[in-house]
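Asks: Submitted below is the structure of interest, expressed as structure tokens.
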Amino acid sequence: MKKIIIGNFKMNTKPSELKPYAMSLATKTKGSKNDIIICPPYTHLSVAREFLTGSGVAYGAQNISDEEKGALTGEISASMIKDLGATYVIIGHSERRAKFKETDRLVNRKIKTALANGLKVILCVGESLQIRENRQAYAFIKKELDDDLKGIYENELDSVIIAYEPIWAIGTGKTATNKDIIKMIETIRKEVEYLYSEKAGKELSVVYGGSVNLNNYKKILSNETVNGVLVGGACLDVDAFAVMCRENY
């Protein structure tokens, strides 16, 4: 079964380093039936366009402004990203929410801006360790989805991938158990069903992120309810990432 394999570079590598990476990844994953996406830093996107166009690897940005243009020094608009050939953007990553204080209201505006500019959205949701230990994880995720998807039409969900990333598992080497992952993804689907329709919940693309690597990706993807993985640090090793991308699930 086809899966979605996403690599989030975060603030790693230089633009010059993306050329050999992109060429290698495109070669090593040629013929893969999976949807392969990499999200390098903004500065790398022109390199991605040059060396990934026509390959089986799509690329996107890690963030956008909620505004189209204006006196917003340092911001990058959705149309700028689109002009560089990107087709995806990550919105609402836990690092943006925690370190840059991005609220659900802002995340919602960014989703609308991305969709209006023809970008596909990778929406990240996830709970902290404290929330999980307080047994509030499922209620928290439902609230995030309610707020983040407010005003988004059902037909627009075709351009939205939900990435469940438990905050306590990102960059820690820890990962949720398969049972926890499946239960949370089922919760996400049921909430989308509640907000939209049974069809929307069933057809929604949901991936898991949180210390995904060569040692655990197969186990994570062993259940059909998991549509793919969002890979962080492990994607920086092109050989390891290519193995995940080539897998015939």
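Asks: Rounded to the nearest 20 debye, what is the charge dipole size of the chain about its Cα centre when +1 sits on each Lys and Arg Cβ and -1 on each Asp and Glu Cβ?
Replies: Working: 35 positive and 31 negative charges, 96 e Å.
Taking the Cα centre of the chain as origin, the dipole is about 460 debye.
Asks: Using the Karplus equation 6.51 cos²θ - 1.76 cosθ + 1.60 (θ = phi - 60°), what ³J(HN,Hα) coupling, rounded to whole Hz, does each residue of region 21-37 give in order, writing x for Gly and Pro?
Replies: Going residue by residue, I get 4, 4, 5, 5, 5, 4, 5, 6, 10, 4, x, 5, 8, 7, 8, 10, 9 Hz, with x marking Gly and Pro.
Asks: Let me ask something else about it. Calculate, in nm to one decimal, what Tyr194 and Tyr249 gain on full extension: separation in residues at 0.36 nm each, minus their alpha carbon distance. It would help to have the intermediate numbers written out before the result.
Replies: Numbers: separation 55, 0.36 × 55 = 19.80 nm, distance 2.94 nm.
Working it through step by step, the gained length comes to 16.9 nm.
Asks: What are the radius of gyration and Dmax of region 182-249, computed over its Cα atoms and given in Å?
Replies: Reported Rg and Dmax, both Å: 13.6, 41.
Asks: A follow-up question, please. Computed FRET efficiency, Cβ-Cβ of Thr43 and Thr87, R0 25 Å: what is it to the nearest 0.05?
Replies: On the way: r = 18 Å, r/R0 = 0.73.
Computed FRET efficiency for Thr43 and Thr87 comes out at 0.85.
Asks: Taking θ = phi - 60°, what integer Hz values does the Karplus form 6.51 cos²θ - 1.76 cosθ + 1.60 yield along region 232-249, in sequence order, with x for Gly and Pro?
Replies: Working through the residues one at a time gives x, x, 5, 6, 5, 8, 4, 5, 5, 5, 5, 4, 4, 6, 7, 3, 8, 7 Hz.
Asks: In whole Hz, what ³J(HN,Hα) sequence does region 75-92 give by Karplus (6.51, -1.76, 1.60; θ = phi - 60°), x for Gly and Pro?
Replies: Result, ordered by residue: 8, 10, 8, 4, 5, 5, 5, 4, 5, 8, x, 5, 10, 10, 8, 7, 10, x Hz.
Asks: In nm, give the distance between the simple-model label positions of Asn215 and Ser16, each being 7 Å from the Cα along the Cα-to-Cβ direction.
Replies: The two pseudo-label positions are separated by 3.4 nm.
Asks: List the residues, sorted by chain then number, that are 5 or more residues from Cys39 or on another chain and whose placed amide H is less than 5 Å from its amide H.
Replies: Those qualifying (amide H under 5 Å, at least 5 residues apart or on another chain) are Gly7, Asn8, Phe9, Gly60.
Asks: In whole Å, what is the distance between the alpha-carbon centres of region 38-105 and region 117-189?
Replies: What the calculation gives is 20 Å, centre to centre.
Asks: For Asp146 and Lys30 in the same chain, what is the full-extension length gain: residue separation times 0.36 nm, less their Cα-Cα distance, in nm? Don't skip to the end; give the middle numbers.
Replies: Values: separation 116, 0.36 × 116 = 41.76 nm, distance 3.83 nm.
Contour length minus the Cα-Cα distance gives 37.9 nm.
Asks: Picking from Ala116, Ile64, Gly232, whose Cα lies most toward the positive end of the charge dipole for region 4-246 (charges on Cβ: Lys, Arg +1; Asp, Glu -1)?
Replies: Gly232
Asks: If amide hydrogens are placed 1.01 Å from N in the peptide plane, which non-local residues have theirs closer than 5 Å to the one on Ala163?
Replies: Leu123, Cys124, Val125, Val207
Asks: Then there is this: Would you calculate, for the chain, the mean residue ellipticity at 222 nm contributed by helices, counting each DSSP H stretch of 4 or more residues as -39,500 (n - 2.57) and dividing by all residues, to the nearest 500? Don't jump to the answer; show the numbers that get you there.
Replies: Numbers: 11 runs with 101 residues, N = 249.
Value at 222 nm, helices only: -11500 deg cm²/dmol.
Asks: Show me 116-128, 209-221 ranked by packing, highest mean number of other Cβ atoms within 10 Å first. The partial results should precede the final answer.
Replies: On the way: 116-128: 21.5, 209-221: 19.4.
So the order, starting with the most tightly packed, is 116-128, 209-221.
Read-outs throughout are calculated quantities, based only on the coordinates presented, and are distinct from any laboratory measurement. Note that the coordinates shown come from a computational prediction; the quantities given were computed from them, not determined experimentally. Using ideal geometry, Cβ is built from the backbone for each residue, glycine included, and neighbour counts are taken over all protein chains shown.
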